[in-house]
Amino acid sequence: MTNRTLKFGSIELRQLKKRDARKLQALLVKDRTWLSPWEATTPGIRYPVDARDLISNLLYQQRKGTGLAFVLEIDGKFAGQINAANILHGSVSSASVGYWIGKEFAGRGAMPIAVALTIDYLFDEQNLHRVQIDIRPENGASLRVVEKLGLREEGLKERFIHIDGQWRDHRTFAITS
């Protein structure tokens, strides 16, 4: 990905960079209670994860072409993040999208716009055919995002992702180009 910025009004997505580590870490620590029920965890690893390690891993995936990492800024303030993972081209041509937003920015309608910008980028610039989003059944805010965007529900994945110390069920939503 080039250093392209995706923008709509006061909402901007830009490529995650190493220099974002301090702001990312500060927001993850500040909103720990708000984010922990929804954050993926790895059994045996202590949290919160060091933002430098997180960024290094995301940028490695980006270099390999299997992931993209965006910073979400609202009115120029670091507000959250969107990642596209498991990017596959060829006969599958798909990706999975995950996202989070800081508590002070939630509920303003920014995330549906940011997710829509990401999906458009994946379809138009990455030439993908399908984008999937997996959401915990209890995460009402994320469920509203996919509802607003008209993604179709495809089913339930039982004990799918390790989150907040346990294997959690996820509802799967998708959209095709």
Label Asn127 and Gln166 with points 7 Å out from Cα along Cα→Cβ: what is the distance between them in nm?
4.5 nm
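Give me the orientation-averaged projected area of the Cα convex hull of the chain, in nm², one decimal. Provide the component values of the computation, followed by the final result.
Details: hull surface 39.0 nm².
Value for the chain: 9.7 nm².
With charges set only on the Cβ (+1 for Lys and Arg, -1 for Asp and Glu), what does the dipole of the chain come to about its Cα centre, in debye to the nearest 20? Display every interim value, and only then the final one.
Numbers: 26 positive and 20 negative charges, 105 e Å.
That gives a dipole near 500 debye.
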Give me the log10 of I(q) over I(0) for region 65-141 at q = 0.21, 0.28 Å⁻¹, as the Debye formula computes it from C-alpha points; what are the numbers?
-0.94, -1.35
Pseudo-spin-label distance Arg152 to Ser177, built 7 Å along Cα→Cβ, given in nm, is 1.8 nm
What does the charge count near Ile175 come to, summing +1 for each Lys or Arg and -1 for each Asp or Glu among other residues with Cβ under 15 Å from its Cβ?
-2
Let me have the 222 nm mean residue ellipticity of the chain computed from DSSP H runs of 4+ only, each contributing -39500 (n - 2.57), with the sum over all residues rounded to the nearest 500.
-9000 deg cm²/dmol
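Below 8 Å, C-alpha to C-alpha, sequence gap of six or more: please give me the relative contact order for region 96-145 in percent. Let's see the in-between values first.
On the way: 22 pairs, mean separation 23.3, N = 50.
Once normalised by length, the contact order is 47 percent.
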Please name whichever of Ile74, Gln132, Ala116 sits farthest to the positive end of the charge dipole of the chain, dipole taken about the Cα centre and charges placed at Cβ: Lys and Arg +1, Asp and Glu -1.
Ile74
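Where a number appears in this text, it was derived from the coordinates with a stated rule and is not lab data. Computed from a predicted structure; not experimentally measured. Heads up, the Cβs are rebuilt from the backbone with ideal geometry, glycines too, and the neighbour counts pull from every protein chain shown.
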